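The values are calculated or read from the model by the stated rules, or taken from the named source; none is laboratory data. Quick caveat, the model's predicted, so the values are computed rather than measured. Ideal geometry is used to build each Cβ from the backbone, glycine not excepted, and the neighbour counts take in all protein chains shown.
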Amino acid sequence: MTAEFTRGAQEQGQGATEPGTRRLMALRAFRAAARLLAPLCLGLAGGLALVASGMEAAARGWPWAALAGMALWFMQLLAGRALRQARAGGGVGPSRLTPAGGATDLALPAVVSAFPDPCVAVDRRGVVLAISAPALRLFPHLVIGRPMSFALRAPEFVEALEAVLNGGPGRTVLVTQRVPVERSFEIATAPLEADRRRGALVVLRDLTDQLRVAQMRVDFIANASHELRTPLATVLGFIETLQGPARNDAVARERFLTIMRDQSLRMKRLIDDLLSLSRIEGRAHHAPSAPVDLVDVARQITGALRPMATDAGVDIRLAAPAEPVIVPGDRDELLRVVENLVENAVKYGDGGKRVAITVTTRAAPDEPRREGAAKPEAGGEDAGQAASAAPSEAVIEVRDFGAGIPAEHVPRLTERFYRVDAQASRGKGGSGLGLAIVKHIVNRHRGRLHVESVPGEGATFRVVLPLADASHAG
Ligand SMILES: Nc1ncnc2c1ncn2[C@@H]1O[C@H](COP(=O)(O)OP(=O)(O)O)[C@@H](O)[C@H]1O
Ligand SMILES: [Mg+2]
């Protein structure tokens, strides 16, 4: 049997079972010696008896040899019995408790250690006898020879364990720990029995991730419903007004219809974003492979968003190499990435009055680093590659010089519906899903998204994608 041990569990396990093992070995050695010596003594006694008539000294010695032989024979019988009892669990130590009705030959620590799930065996006092490696990873404070409740103090668990150790049936409890980080466990306790000894087997299941995903799903549905309900309520309100008090007011009708159209467009945008998100998630495991020119993608978005930027008083500049920068990808998805980033830079960084987009290539950071030179879109020279190593990554960077993002918000920006200022985002027509979509697309392209921001100085969103050649080579 192979068993997974961590160094700690193994050492602790050896420490706890050593006295029992030593006694077993001593019993075995004694029985073997007695088995060997008893026939020798008895044979000697017989031989001496035969020559007793002729030799007086031998005649005096044979009864002693016979007595010693018989005593040794008897003692090896006793040792054999003790050994059988010891193997069956009759008193060498607590580690020979076995699951009720189970095989008695395997030592409990070996069984528990081989368990692929987090699992702990305790004796009748709740003291730890054996720990599986996954259990030790979950609860590094578990120590063989110390009460399990020292490492897991949740009252629900302590109570359930006591009940089982006092003869009750096995129980399953849900336990949530708040420190150092919130974690939830399902803990099953089952009785262990051997002869009249009792202990318990504790099997732990970490539910933290499962519960987090469930909570995220609930939050997502609540958020999406809320985002849809607000514009829908506005539209319904105006419909009622138009059917009632404003029925014959032509000016109000025009104004209300404009608002209703804007709100309907907002709902449409949200539904479109939700659908794209679920589509991208559904394809997350298939990396797209069509050759896409990032320079062309950046150029197309810069052109498309320039009117919107000009309206906001923002100047957009693109710096990109003259030659194409080809990445394996999905062109429509990469257009959405750059569109979202540039749109955000214009919307939220408008105070800086300018947005800089750059496309570059470089060697991966663990290789000698080298930036491929980007050049301004209009005119200018391509400065070429500065170093000798072939570039393996494409980088597209969108930088604004506006208010920036406070540090505490940066790690959460790609969460669905997360906004620094919800009011401002809604006011600017945002769904709160843009960066979540960007993150999913970048992940699907096996790329990375970096966000840097110094409040007051602006924000930089950087997307790093593997270059076509590098990915073919890899
Ligand atoms: N360039 C930026 N400067 C400042 N804040 C930004 C920038 N880009 C994104 N944000 C913040 O991140 C939030 C999430 O962005 P996003 O997911 O695109 O949603 P939306 O644009 O619909 O609000 C925005 O609401 C905004 O608060
Ligand atoms: Mg956005």
Exercise. Read through the list (1) at pLDDT 95 or above; (2) closer than 30 Å to R283 by Cβ, then give the number of the only condition that F401 fails.
Key: (2)
Self-check item: Residue match in the range 338-348 (condition: at pLDDT 95 or above, under 21 Å from N443 (Cβ atoms) and more than 15 Å from ligand 2 (Cβ to nearest atom))
Solution: no
Quiz item: For the range 420-433, which residues satisfy the criterion of being within 11 Å of ligand 2 (Cβ to nearest atom), small (G, A, S) and surrounded by fewer than 21 Cβ atoms within 10 Å (Cβ to Cβ)?
Solution: S425, G429, G432
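Being loosely packed, with under 13 Cβ neighbours inside 10 Å and in contact (Cβ under 8 Å) with a residue 12 or more places away in the chain narrows it down to one of P118, P169, P147, P134, so name that one.
Values: P118 fails: loosely packed, with under 13 Cβ neighbours inside 10 Å; P147 fails: loosely packed, with under 13 Cβ neighbours inside 10 Å; P134 fails: loosely packed, with under 13 Cβ neighbours inside 10 Å.
So the residue among P118, P169, P147, P134 that is loosely packed, with under 13 Cβ neighbours inside 10 Å and in contact (Cβ under 8 Å) with a residue 12 or more places away in the chain is P169.
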Quiz item: When the residues of the range 398-419 are filtered to those that are within 12 Å of ligand 2 (Cβ to nearest atom) and free of Cβ contacts under 8 Å to residues at least 40 places away in the same chain, which remaining residue is surrounded by the fewest Cβ atoms within 10 Å (Cβ to Cβ)?
Solution: Y418
Self-check item: Pairs with Cβ under 6 Å, 6+ apart, first in the range 205-232 and among the hydroxyl-bearing types (S, T, Y), second surrounded by 12 or more Cβ atoms within 10 Å (Cβ to Cβ)
Solution: T208/R183; T208/S184
Quiz item: Could you say which residue among A121, A133 is farther than 19 Å from T176 by Cβ and within 19 Å of the chain's Cα centre (by Cα)?
Solution: A133
Practice problem: Could you list all residues from the range 203-234 that are farther than 23 Å from Q423 by Cα and out of contact with any helix residue (DSSP H, G or I) (no Cβ under 7 Å at 6 or more places or on another chain)? | Solution: V203, R205, L207, T208, D209, Q210, L211, R212, V213, A214, Q215, R217
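The rows are residues; the columns are (1) free of Cβ contacts under 8 Å to residues at least 12 places away in the same chain; (2) within 15 Å of ligand 2 (Cβ to nearest atom); (3) closer than 30 Å to L236 by Cα; (4) not in a loop (DSSP other than H, G, I, E, B).
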{"position": "K268", "(1), (2), (3), (4)": "yes, no, yes, yes"}
{"position": "I280", "(1), (2), (3), (4)": "no, no, no, yes"}
{"position": "H286", "(1), (2), (3), (4)": "no, no, no, no"}
{"position": "V292", "(1), (2), (3), (4)": "no, no, no, yes"}
{"position": "P328", "(1), (2), (3), (4)": "no, no, no, yes"}
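State whether the residues of the range 185-193 include one that is assigned to a helix (DSSP H, G or I), of a type in the set (S, T, Y) and touching a residue at least 12 places away in the same chain (Cβ under 8 Å).
Here is the first cut: in the range 185-193, the ones assigned to a helix (DSSP H, G or I) are none.
No; the residues of the range 185-193 include none that is assigned to a helix (DSSP H, G or I), of a type in the set (S, T, Y) and touching a residue at least 12 places away in the same chain (Cβ under 8 Å).
Just to be sure, is G237 farther than 25 Å from G427 by Cβ and not charged (D, E, K, R)?
Numbers: farther than 25 Å from G427 by Cβ: no; not charged (D, E, K, R): yes.
Judged against the criteria, G237 is not a match.
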Quiz item: Assuming V395 fulfils every condition listed in (1) more than 16 Å from ligand 2 (Cβ to nearest atom); (2) within 23 Å of the chain's Cα centre (by Cα) apart from one, which condition is it?
Solution: (2)
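Would you please name the residue that is modelled with the highest pLDDT, looking only at residues in the range 57-76 that are closer than 30 Å to A194 by Cβ and surrounded by 14 or more Cβ atoms within 10 Å (Cβ to Cβ)?
This residue is M75.
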Practice problem: List every residue pair whose Cβ atoms lie under 6 Å apart, where the two residues are 6 or more positions apart in sequence or sit on different chains, the first residue falls within the range 342-364 and is under 20 Å from P324 (Cβ atoms) and assigned to a strand (DSSP E or B), and the second residue, located anywhere, is within 12 Å of ligand 1 (Cβ to nearest atom) and aliphatic (A, V, I, L, M). | Solution: I357/V398
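Take I301 and decide whether it is closer than 27 Å to S276 by Cα, within 16 Å of ligand 2 (Cβ to nearest atom) and part of a strand (DSSP E or B). Quick ask: steps written out before the conclusion?
Working: closer than 27 Å to S276 by Cα: yes; within 16 Å of ligand 2 (Cβ to nearest atom): yes; part of a strand (DSSP E or B): no.
Judged against the criteria, I301 is not a match.
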Quiz item: Would it be correct to say that P245 is farther than 18 Å from S264 by Cα and under 17 Å from the mean Cα position of the chain (by Cα)?
Solution: no
